[in-house]
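What follows is a short report on a single structure.
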2 protein chains.
Amino acid sequence: MAETIFSPAATTSLERRGLRDRVYDLVLDMLMSSSIEAGTRLSIDAIARDLNVSPTPVREALVQLERTGLVTREAHKGYRVAPPIADDQLEALFDARVVLESGATALAARTPETLIPVLEDALADHTTVMERVQNSPGSGEMPVELIREYFAVDWNFHHLIFEGARNPFLLDMSEAISTRVHRMRQTVKTGVSDALEAVTEHRAVLDALTVSPDAAAQAMREHIDKVRERSRRDAARQASNTAR
Amino acid sequence: MAETIFSPAATTSLERRGLRDRVYDLVLDMLMSSSIEAGTRLSIDAIARDLNVSPTPVREALVQLERTGLVTREAHKGYRVAPPIADDQLEALFDARVVLESGATALAARTPETLIPVLEDALADHTTVMERVQNSPGSGEMPVELIREYFAVDWNFHHLIFEGARNPFLLDMSEAISTRVHRMRQTVKTGVSDALEAVTEHRAVLDALTVSPDAAAQAMREHIDKVRERSRRDAARQASNTAR
DNA sequence: TTTTCCAATATCCTATAGGAATACCTGGAT
DNA sequence: ATCCAGGTATTCCTATAGGATATTGGAAAA
């Protein structure tokens, strides 16, 4: 335990109000943004010291994080960063995504007049960022900020569909999914190479919304299955690289 | 705040090991079993005193409960028993059930050879308890223990399908659903009058499993939609009764 | 009689301290 | 050289205390 995990600026930002939720957000950002090694110990006292708070709100935040699956807990042994998505778990994650997102798409398609405009805006943003990704230097450095921005606009399309379903239960479940998807993207280096295909498939979903709920659900199912195929391919390529 | 919520026997059972999970189980049982009035304050200190523990594990258990939706929290105002499922939320709950359970059924149907035997056993238990419910005195007292037993075997069928899907993400989500369903059954007095229909529809799902995953998913979807219809009817009848 | 304001109480939120269990490291024996 | 044992240190878990905030009750005024 050498240096602190959090930047000094973060500590000053939380001042002295609403500690528990703010600690949760900070730890969540820390887990999402920087790629933390799996299995890293998340010491309650250390986090509390770094954030200048008492261990109690940190403990509450970690309990909340535990239910998201980002951290694991062993009794009397403390919290650790959850292990990366295993291969079989990755298939299960995509299965769950297909079930949830195609279902949410069918529900959201019941009110297309309010859904389509916001999705058009989201897809326009997605397209803009995609073009910037395409125009970035083909090989070599890709700004991490651009990658983060791309992931945000990409997922925003899916998130808006969950919101469009107007179902609090499915919305809660979408959060559980989004954290896993985000974490998967840290381990499996994909999601930027298929930007053009993603935009195309999102467009297909949006067009299918004007046809029927079933068509929209089917389009979403096909989109996620294609993402699954690309992830399989990238995971295999990545495995062969590390094995070299 | 007059008398204690918990029975004296409960306090002695937790002794002095693994407090947080045990407190969680106790509070969960308390919320599930006895029908607590919605909006009842869940005082951290009071629970801690009743259970002879410090407020810290109680606080952690309540954070965990909060994410299940059984309790609500307002900052600087404490925890309360979550309000009963509102009418629109009830429709949303059934929508979510249709999405999740039909999807889980399709996934579980991929391995029918391991799934069908356990479901046959579960359905046999369900049938047995159903007959006991039918033979109980038609009007008047229905033993609360029998009702609880019926709910258990009924939900067990659904739960086994979630387990059969072998998908940890969907399994987690099923817990979020089950708590809501159980709580709904406390407010809307249904689920015992349609025992025969429930068994019949479960049998239809089981038979469809031998046909194809899509057929099984469709059967589950129809089952939940029929439960939804019966709940609507019972809710309307109940509303007319209270309005009288 | 009703409304409003104020004070007292209870509760939550945060901080600090002590006991217990686990992990790590060092020294010795095989 | 390797394995085991013991001690030390870190960390988690629980308990208690103090400050801040919301709720409740009563009293006074309209």
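The values are calculated or read from the model by the stated rules, or taken from the named source; none is laboratory data. Being a predicted model, the structure only gives us computed values, none of them experimental. Cβ atoms come from the backbone with ideal geometry, glycine included; neighbour counts cover every protein chain shown. With ligands, DNA and RNA removed, areas are computed over all heavy atoms of the protein, side chains included. Shrake-Rupley method; radii C 1.70, N 1.55, O 1.52, S 1.80 Å.
Odds and ends about this structure:
- Principal axis dimensions, largest first and in whole angstrom, of segment A:8-81 by Cα: 30, 25, 19
- Computed from Cα atoms alone, the Kirkwood hydrodynamic radius reported for segment A:87-243 is 16.0 Å.
- Segment A:38-140: C-alpha gyration tensor shape, a/c 1.5 cut-off, then a/b vs b/c: prolate
- Cβ crowding within 10 Å averaged over residues, with B:222-230, B:198-206 ranked highest first: B:198-206, B:222-230
- Rolling a 1.4 angstrom probe over the protein heavy atoms with all chains in place gives segment B:8-81 an accessible area of 52 Å² per residue.
- Residue mean of other protein chain beta carbons inside 10 Å, B:69-78: 1
- Couplings 3J(HN,Hα) of segment B:105-122, computed from phi: 5, 4, 5, 5, 5, 5, 10, x, 4, 8, 7, 4, x, 5, 5, 4, 4, 4 Hz, in residue order, whole Hz [Karplus 6.51 cos²θ - 1.76 cosθ + 1.60, θ = phi - 60°; x for Gly and Pro].
- Gyration tensor (alpha-carbon) shape descriptor, the protein assembly as shown, a/c threshold 1.5: oblate
- Largest mean-square fluctuation among B:164, B:69, B:78, in a Gaussian network model of chain B whose springs join Cα atoms under 10 Å apart, belongs to B:78.
- A 1.4 Å probe run over the protein chains yields, for segment B:87-243, 46 Å² of accessible area per residue, whole-number rounding.
- In order along segment A:47-59, the phi-based Karplus estimate (6.51 cos²θ - 1.76 cosθ + 1.60, θ = phi - 60°) of 3J(HN,Hα) comes to 4, 4, 5, 4, 9, 6, 10, 7, x, 4, x, 5, 4 Hz; Gly and Pro are listed as x.
- Amide H contacts under 5 Å for residue B:42, placed H, 5+ residues apart: B:79, B:80, B:81
- Cα gyration tensor category, rounded, prolate or oblate, for segment B:150-209 with a/c compared to 1.5: oblate
- In Hz, Karplus ³J(HN,Hα) per residue of segment A:163-173 (6.51, -1.76, 1.60; θ = phi - 60°; x = Gly, Pro): 5, x, 5, 6, 10, x, 5, 5, 5, 4, 5
- The other copies place their residue A:136 label points at 6.3 nm from this one, listed shortest first, where each point is 7 Å from Cα along Cα→Cβ.
- Averaged over peptide A:106-116, the number of partner chain Cβ atoms lying within 10 Å of each residue's Cβ comes to 1.
- Shielding by other protein chains, A:56-65, mean Cβ within 10 Å: 4
- Ranked from shortest, the separations from the 7 Å Cα-to-Cβ label point of residue B:83 to its equivalents in the other copies are 4.4 nm.
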